[in-house]
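Read the structure below first, then the notes.
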Protein chains: 2
Amino acid sequence: MEGMDQPLILIVEDEKDIARFIELELQAEGYRTEVAYDGITGLSRFRETNPNLVVMDLMLPVMDGLEVARRVRKTSNVPIVILTAKDRVEDKVEGLDAGADDYLVKPFSIEELLARIRAHLRRVTPAITGEIRVSDLIINLEGREVYRGGRRIEFSNKEFELLELLAKSPGKVFSRFEIEEKVWPGYQGGSNVVDVYIGYLRKKLEGTGERRLIHTVRGVGYVLRED
Amino acid sequence: MEGMDQPLILIVEDEKDIARFIELELQAEGYRTEVAYDGITGLSRFRETNPNLVVMDLMLPVMDGLEVARRVRKTSNVPIVILTAKDRVEDKVEGLDAGADDYLVKPFSIEELLARIRAHLRRVTPAITGEIRVSDLIINLEGREVYRGGRRIEFSNKEFELLELLAKSPGKVFSRFEIEEKVWPGYQGGSNVVDVYIGYLRKKLEGTGERRLIHTVRGVGYVLRED
DNA sequence: CACAAATCTGAGCTATTTCTTAGTATATTA
DNA sequence: TAATATACTAAGAAATAGCTCAGATTTGTG
């Protein structure tokens, strides 16, 4: 399973100087990169590495960029940015209709390329709907996914419900009683389930040395806050 | 719910001649259109009509185009294409980072605009292509054909309906109840049909050692996501 | 009708989750 | 500092959810 950390970008470009230049710029932005100097190799690299985005020249040795774009599109909807010297409108239309998402004419500004790449990647990364964010914690309610600092964390159902409760009101101190009522409805009491589950959450959320997220308020209860 | 028929495109442009020109061209392509001549009205129209794509000028009366883009982005990830006379690289970067997906400089070619709109819509509305793509899974809704990584897979009727439901909202976790309601309407419950059919789908989709597509969310239900 | 495919049921098995208990650690305060 | 209250952790028992299989039933087709 790739790319929970930084997005991987495949560069397919036969002019080595340009390829190297783009690669260094992308790496400076924190992306991981993969380079190919002809169409066939580009297609193989694509299949091997399953990148998050492709930057590609049109005029490539061995296999034409348009053909590569079409073949990639057969099995994937990865964003494809075409980068070329061909500046006629018909070329642009042809490139876009072949499955490309963007078309930049050389000489291009690297800043613009980077901005366009950001825009495309923004679209691909997880849905922005129904998300809770507190500090570096991201909770996707629809998908029941939790990330902390890019690291994906799995939670059981009860764990997730408890975390959701705390995260929906960050900064609010919840008493054990309040938590029992909401997460364990109909609960008779008599044990320290809440404490135990807070422990489970902490182990998963802060287990790898991250800053504390769930704080104990002695004599009262617990809060989730970035602090 | 929008767009059962043709995609709706919102045009926000204060130069009425240009607005009219774009509108006619888009209509000629079969799109439905909606026009606003200033930023505030654009934002209201957006909220009222929930379009599939927005074409917007940057320099608008009452509210700046960038501001409109940012506000739209707060609640939606509709594609936004910016159309403007500002051609400096910094302007492009600013526009894209404000949430726009594309940036065309006036005077632009209408053919290019149309091609770019096609490219963006292809990504957003399966209705227009009748195709759903998730990871290397391709579902042709009209032909009821499914491919995974180029391999054609046959599904029975019920299997296909279940897959279609999951694939139309990739990343969303469906509860068994939700699935029963939609795929087995009028079902009385009492058995584990859903589990069994998920099993059938998995066998066909992942039977040859491919990466998992349908994930179990214990205590909740199932999700389709590339992961 | 006969046959095949598709649909659905229920039970057994397994792994995970949930919850309790009891002992340990930490904080508070007399 | 000692005594006490409060919070944390580990370990295991019980409950539950999910998977798979075999077979029963229904539907469709020549």
Of everything in segment A:152-201, what is modelled with pLDDT under 90 and surrounded by 12 or more Cβ atoms within 10 Å (Cβ to Cβ)? Give them in sequence order. A:TYR187
Scan segment B:120-129 and tell me whether some residue there is farther than 22 Å from B:GLN6 by Cα and within 14 Å of another protein chain (Cβ to nearest Cβ). no
Take A:ARG218 and tell me if it is away from DNA strand D (no atom under 14 Å from the Cβ) and charged (D, E, K, R). no
Residue ID - surrounded by the most Cβ atoms within 10 Å (Cβ to Cβ), chosen from residues in segment B:64-97 that are of a type in the set (A, V, I, L, M, F, W, C) and farther than 22 Å from B:ARG122 by Cα: B:VAL68
Mind counting the residues in segment B:112-140 that are at pLDDT below 95 and more than 18 Å from B:PRO51 (Cα to Cα)? 11
Condition first: on the phi > 0 side of the Ramachandran plot and free of Cβ contacts under 8 Å to residues at least 24 places away in the same chain. Now tell me which residues in segment B:147-172 satisfy that. B:GLY150
Among (1) more than 9 Å from DNA strand C (Cβ to nearest atom); (2) at negative phi; (3) within 14 Å of chain B (Cβ to nearest Cβ); (4) charged (D, E, K, R), which single condition is A:ARG144 missing? (2)
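The values are calculated or read from the model by the stated rules, or taken from the named source; none is laboratory data. What you see is a predicted model, and the numbers here were worked out from it, not measured in a lab. In this analysis, Cβ positions are derived from the backbone assuming ideal geometry, glycine residues included, and neighbour counts consider all displayed protein chains.
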